[in-house]
1. With the requirement that a residue be within 12 Å of residue 390 (Cα to Cα) and out of contact with any Gly (no Cβ under 8 Å at 6 or more places or on another chain), what does segment 419-438 give you?
2. In segment 424-435, which residues are open to solvent by 50 Å² or more (accessible area, probe 1.4 Å) and in contact (Cβ under 8 Å) with a residue 24 or more places away in the chain?
3. With the structure loaded, tell me whether residue 314 is farther than 19 Å from residue 415 by Cβ, at pLDDT below 95, of a type in the set (A, V, I, L, M, F, W, C) and surrounded by fewer than 19 Cβ atoms within 10 Å (Cβ to Cβ) or whether it fails that test.
4. Do the conditions hold for residue 350, that is, is it buried (at least 19 other Cβ atoms within 10 Å of the Cβ) and over 25 Å from the mean Cα position of the chain (by Cα)?
5. Condition first: in a loop (DSSP other than H, G, I, E, B) and at pLDDT 90 or above. Now tell me which residues in segment 273-295 satisfy that.
6. How do the pairs read when you match residues in segment 5-32 that are in a strand (DSSP E or B) and modelled with pLDDT of 85 or more with residues anywhere that are open to solvent by 70 Å² or more (accessible area, probe 1.4 Å) and aromatic (Phe, Trp, Tyr), using Cβ under 9 Å and keeping only pairs 6 or more apart or on different chains?
7. Return a yes/no flag: does segment 199-208 have any residue that is modelled with pLDDT under 90 and among the β-branched types (Val, Ile, Thr).
8. Of the conditions (1) at pLDDT 95 or above; (2) farther than 30 Å from residue 250 by Cα, residue 384 clears all except one; give me its number.
Amino acid sequence: MAKPKTAFVCSECGGSSNKWQGQCSDCGAWNTLSEIVLAPSASTENRRMGYAGQPAAAVVTRLDQVPQGVESRTEVGISELDRVLGGGLVDGSVVLIGGDPGIGKSTLLLQALDAMAARMPGLYVTGEESLAQVASRAGRLGLSLAGLHCLTETCVERIITHLMQAKPRLAVIDSIQTIYSEQLPAAPGSVSQVRESAARLVRLAKEQGISIFLVGHVTKEGGIAGPRVLEHMVDAVLYFEGESGSRFRVLRAFKNRFGAVNELGVFAMSDRGLREVPNPSAIFLSGSAMDTPGSIVMVTREGTRPLLVEVQALVDQSSLANPRRVSLGLEQNRLAMLLAVLHRHGGLAVFDQDVFVNVVGGIRVQETAADLPVLLAVLSSYRSRPLAEKTVAFGEVGLSGEIRPVPNGEERLREAASHGFKRAIVPRANAPRKGSFKDMEVIAVDRLTEALEAAE
Ligand code: TYD
Ligand code: MG
């Protein structure tokens, strides 16, 4: 038998090379190349799978001559999941769901299968749990057991055979790291097995129009285990996040070919599984601690809806030569930059202070609208003086101390007003017309100094 062909693949970027190197030549990461066994070439594969004949030659086509297919979607019936998917599950799409162990991936997908059972018969393929475990969980969740079909199998060839025979319209593979292909000698969970198994399933989904949910484990660094290529292969990548102590779970679209990214779905884990939280603003506010120094509420807009979240800062005399700058839920480098702007343009020096910033509720804010609230929280903690009660803020802070507008200002203000906030500090360009908010005073600012004055 011929020696199997191998290649070295980077676990960071998915780039490949013919020989082992200490550094990936594509992305420059160190020690990330690992050897994978390549599957037999496409032509032998096609012959084996029974796709004989010449492939049609590709031709160059003008786009206006291409018939536009409208993707058909099926709503799952769990509205927070539908929202993150971009309005339902697209037929024949492959969705990867990542998250820490025990966060609720299996629970959510079992509930999704149940919700869709009547409209879109599905198959739950598990390589992690026994049938008895799955059945008892489904029973505990109060699902209708007769509508759920389950298979314990880890060999991708046999899974595909089952899917071709049973012809479900939806399949859940829990998890991709337990699946292996008989054609490769590598161990299940290895980069080559994960890559090959996923590629087979993606091809099946596209050919047969079966929608597939893949469950993926995350590594310690927070990425989905296996090479980055897994993220390139699938249509959507969703991450399940949440703090271990909290019962709230946030599902975030990281990539979506059929919808917006950064869309959030919020769930609460209960004793009957995951429940949707249709109005999540309230849960991210800590409530009683509102008028303590170092705390402010901001309006973030993740995906298509505004969300009120509390930002906290703690500024404390440092005993270190290099004071600490720690941010949770926000980008670390941005915090360092904002503190520099605060010094140069706000006249507040914190170079001898440790600064900690946290977004309450374990949520991550990735947009620049958090800049102004972060600085106001830092100011408030530094002065040990709470901000005026019922104040919200949002706005981007530029390097020259200007406050820049953020998208959808009016919508954010409406969300704050509907939750009873009385004062808002916002970029001038985001200020609404006079009189549009009766119960809320909107303070429009151009410069950081004005914002700091308004917050005094
Ligand atoms: P699970 O879906 O098994 O997580 P994953 O597949 O992501 O590893 O979630 C299991 C956790 O959820 C477990 O810690 C128990 C908890 N749980 C509940 O609190 N209520 C429930 O109804 C269920 C089914 C699980
Ligand atoms: Mg699981």
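1. Within segment 419-438, the first condition is being within 12 Å of residue 390 (Cα to Cα), and the residues that meet it are 419-425.
419, 420, 421, 422, 423, 424, listed by residue number.
2. Residues of segment 424-435 that are open to solvent by 50 Å² or more (accessible area, probe 1.4 Å), as a first pass: 428-429, 433-435.
Of everything in segment 424-435, those that are open to solvent by 50 Å² or more (accessible area, probe 1.4 Å) and in contact (Cβ under 8 Å) with a residue 24 or more places away in the chain turn out to be 428, 429.
3. On the way: farther than 19 Å from residue 415 by Cβ: yes; at pLDDT below 95: no; of a type in the set (A, V, I, L, M, F, W, C): yes; surrounded by fewer than 19 Cβ atoms within 10 Å (Cβ to Cβ): yes.
Criteria not met by residue 314.
4. Details: buried (at least 19 other Cβ atoms within 10 Å of the Cβ): yes; over 25 Å from the mean Cα position of the chain (by Cα): yes.
So residue 350 fits the description; yes.
5. Of all residues in segment 273-295, those in a loop (DSSP other than H, G, I, E, B) come to 277-279, 285-287, 292-294.
Once the filter is applied, which keeps residues that are in a loop (DSSP other than H, G, I, E, B) and at pLDDT 90 or above, segment 273-295 yields 293, 294.
6. Partner pairs satisfying both residue conditions: 8/20; 23/30.
7. Let us first name the residues in segment 199-208 that are modelled with pLDDT under 90, namely none.
No, segment 199-208 contains no residue that is modelled with pLDDT under 90 and among the β-branched types (Val, Ile, Thr).
8. The one condition residue 384 does not meet is (1).
The values are calculated or read from the model by the stated rules, or taken from the named source; none is laboratory data. Since we're looking at a predicted model, the values are computed, not measured. Please note: Cβ atoms are built from the backbone with ideal geometry, for glycine as well, and neighbour counts cover all protein chains shown. To get the accessible areas, we keep the full protein, side chains included, count just its heavy atoms, and leave off ligands, DNA and RNA. Shrake-Rupley method; radii C 1.70, N 1.55, O 1.52, S 1.80 Å.
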